[in-house]
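Working notes, structure below.
The values are calculated or read from the model by the stated rules, or taken from the named source; none is laboratory data. All of these numbers come straight from a predicted model, not from anything done at the bench. When we count neighbours, we look across all protein chains shown, and the Cβ atoms used for this are built from the backbone with ideal geometry, even at glycine. Just the protein is used for accessible areas: all its heavy atoms, side chains included, with ligands, DNA and RNA removed. Shrake-Rupley method; radii C 1.70, N 1.55, O 1.52, S 1.80 Å.
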Amino acid sequence: MRKIMGAKVLFFFALLSFSAVSAFAQDEEDQGLVMNFYKDSCPQAEDIIKEQVKLLYKRHKNTAFSWLRNIFHDCAVQSCDASLLLDSTRRSLSEKETDRSFGLRNFRYIETIKEAVERECPGVVSCADILVLSAREGIVSLGGPYIPLKTGRRDGRRSRADVVEEYLPDHNETISGVLDRFAAMGIDTPGVVALLGAHSVGRTHCVKLVHRLYPEVDPALNPDHVPHVLHKCPDQIPDPKAVQYVRNDRGTPMVLDNNYYRNILDNKGLLIVDHQLAYDKRTRPYVKKMAKSQDYFFKEFSRAITLLSENNPLTGSKGEIRKQCNLANKLH
């Protein structure tokens, strides 16, 4: 009897030990997003990405704008999983080829960064993490804040072109629609106001704003600013093959700063959403506060980018680590 009882006790403790080991192994397998996820598997990963972004910025200044746009266009559409980077296939259209992605470019340079990381650590670092970390370094290149971001994302296997419009706010959308879409990601009103501060850099293509110029100029536009915009966008129906655009901020076009907020309060915002941001009673107080304080803008911008970068990521055994960022592994 004692032998049977003893065997049962031993079996019970063995079962407990196995359960504990299994739970530990599961935690090890899926730790979610953490700071410095690659510290053991690829300790140089973040430094390589940082160096590559710097090198590319020296050669092609507009890459920094691309990295910043990428994080919005990828992470806002269901998941931060680099689905934006996938090419179209015979069966599905790529997100980057939809109307909402008009003007996105420099995807080939993401491959340049990926190749540099692969040389150091083959098959370890995801394209999703490269996309997010390149955005962080791009923000720094533009004079913005350094934002500590977690890593550990894995790559999705399919693009989501069919749902892009459901998730990505449009430049002509009502401010209520914009706030609602970002709220679904956990980003509050000051966070949305800060994220739109990314319009401080880069450019707006004429096709996105001619409706404010023709057949009549939108009276909400600052009349002192109108001649410059008309000069840059002289055609009511712009040639899609011609790269016609207006710099978002004439004063500091290559610097991520709070000048955007002063511009939109002065009716120099190019997009409808810029104008609404400055005058809607829910957002105007934050616009005025950010116009006065760059520190406040940077604080809210950093918080919002962090939330955006952590939107529903694939971690653990979900997804994959792509060999090439524009192709799912099954197609590689």
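Structure data summary
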{"quantity": "Net dipole in debye of the stretch 151-205 [+1 Lys, Arg Cβ; -1 Asp, Glu Cβ; about Cα centre; nearest 20]", "calculated": "400 debye"}
{"quantity": "Per residue accessible area of the chain, 1.4 Å probe, in Å²", "calculated": "50 Å²"}
{"quantity": "The stretch 80-129: C-alpha gyration tensor shape, a/c 1.5 cut-off, then a/b vs b/c", "calculated": "prolate"}
{"quantity": "Compactness of the chain, expressed as Rg and Dmax over alpha-carbon positions, Å", "calculated": "23.3, 98"}
{"quantity": "Lys323 long-range amide H proximity, modeled H, under 5 Å", "calculated": "Asn329"}
{"quantity": "Efficiency of FRET between Arg247 and Asn329 - r from beta-carbon atoms, R0 35 angstrom, step 0.05", "calculated": "0.30"}
{"quantity": "Inter-label distance for Tyr279 and Asp170, nm, one decimal - labels placed 7 Å from Cα along Cα-to-Cβ", "calculated": "2.0 nm"}
{"quantity": "Gyration tensor verdict on the stretch 169-309 (Cα atoms; rounded if a/c is under 1.5, prolate if a/b is larger than b/c, oblate otherwise)", "calculated": "prolate"}
{"quantity": "Amide H contacts under 5 Å for Thr151, placed H, 5+ residues apart", "calculated": "Val34, Met35, Asn36, Phe37"}
{"quantity": "Qualifying chymotrypsin sites (Phe, Trp or Tyr not before Pro) for the stretch 85-167 [loop in DSSP, other Cβ within 10 Å: at most 13]", "calculated": "Phe102, Tyr146"}
{"quantity": "Gap separating the Cα centres of the stretch 25-79 and the stretch 88-152, nearest whole Å", "calculated": "7 Å"}
{"quantity": "The stretch 293-332: proportion of alpha-carbon pairs further apart than 14 angstrom, %", "calculated": "66 percent"}
{"quantity": "Most mobile listed residue (Leu55, Leu314, Leu209) in the chain, GNM with C-alpha springs under 10 Å", "calculated": "Leu55"}
{"quantity": "Cα lying deepest toward the dipole's positive end in the chain, options Ser101, Leu265, Phe65, charges on Cβ", "calculated": "Phe65"}
{"quantity": "Dipole magnitude (debye, nearest 20) for the stretch 196-287, charges at Cβ of Lys, Arg, Asp, Glu", "calculated": "200 debye"}
{"quantity": "Gyration tensor (alpha-carbon) shape descriptor, the stretch 44-166, a/c threshold 1.5", "calculated": "prolate"}
{"quantity": "Protein accessible area in the chain, 1.4 Å probe - carbon and sulfur %", "calculated": "54 percent"}
{"quantity": "Only Lys, Arg (+1) and Asp, Glu (-1) charged, at Cβ; the stretch 67-149 dipole about Cα centre in debye", "calculated": "200 debye"}
{"quantity": "In Hz, Karplus ³J(HN,Hα) per residue of the stretch 80-93 (6.51, -1.76, 1.60; θ = phi - 60°; x = Gly, Pro)", "calculated": "7, 10, 6, 5, 4, 7, 5, 6, 5, 10, 5, 9, 9, 7"}
